[in-house]
Structure formats: C-alpha cells, structure tokens
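This report concerns only the one structure given below.
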Amino acid sequence: MTVIELSDEQAAALKEKAASEGLSLEAWLQKLTEQDRPATRPHRHIADAILENMQDVPQEIMAKMPEDGASQHDHYIYGWPKKEA
C-alpha cells in the first residue's frame, strides 16, 4: 500500500470528481489506473523487428546496399579504409 499525502482541498476535489461519476474515491482511482495502463506487446527478437522494418525498403534501394556492410561498417559510416578480409 502507498500513502499519498494531499491537502484537504486536493482530497475534496478528487472525491468530488469520483462522486460525479458515481464512484467512491478508491473505485475512481482504480478506474484511472486501468485506463492509463499502456497496452503491452509480447517481447520479440530484434532481428524480427529489423526484418519487419526492412520490408518497407524498396527493392531498388536494397539492390544498392553493400553486401559487406556489416563487416565494413566503419568504411561506410566513417569513410575509413576497408579492412582486409
């Protein structure tokens, strides 16, 4: 249980909002926490996310991508000389 200290005015304002919906303060707060809870998605492997995002890249762009991009990333990002294989 968590205790939150409120002024009498703040507590009264919250109780008034709850009562306007026909709820007790506790029920109203519970309703708020359920509404604001973000929808959770199951975790997935990063490779799956990358593959999904890469599906939107046009084929003509993919054809121009270097085949050695992973092993030579410093060359393509920073312009460093390519490493010997």
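Quick note: the coordinates plus some simple rules give every number you see, no bench work behind them. All figures in this text were calculated on a predicted structure; none of them were measured in a lab. Don't worry about glycine lacking a Cβ; one is built from the backbone with ideal geometry, like all the others, and counts go over all protein chains shown.
Report the local net charge at His73: Lys and Arg +1, Asp and Glu -1, summed over other residues whose C-beta lies under 13 Å from its C-beta. Present the calculation step by step, with values, prior to reporting the outcome.
Numbers: positive: Lys82, Lys83; negative: Glu67, Asp68, Asp74.
So the surrounding residues net to -1.
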Problem set entry | Among 43-53, 68-78, the order from most to least packed when residues are scored by Cβ within 10 Å on average | 68-78, 43-53
Exercise. Leaving out same-chain residues fewer than 8 places away, which aspartates and glutamates sit with a Cα under 20 Å from that of Lys82?
Worked result: Glu67, Asp68, Asp74
Exercise. At a Förster radius of 30 Å, what calculated FRET efficiency corresponds to the Cβ-Cβ distance of Glu67 and Arg41, to the nearest 0.05?
Worked result: 0.35
Exercise. Each residue of segment 47-61 in turn: what ³J(HN,Hα) in whole Hz from Karplus with 6.51, -1.76, 1.60 and θ = phi - 60°, glycine and Pro shown as x?
Worked result: 4, 5, 5, 5, 4, 4, 5, 6, 4, 7, 7, x, 4, 5, 6
Exercise. List the lysines whose alpha-carbon lies under 23 Å from that of Lys83, not counting same-chain residues fewer than 8 positions away?
Worked result: Lys64
Exercise. For mean projected area of the Cα convex hull in nm², which listed value, (1) 12.8; (2) 11.1; (3) 8.1, comes from the coordinates shown?
Worked result: (1)
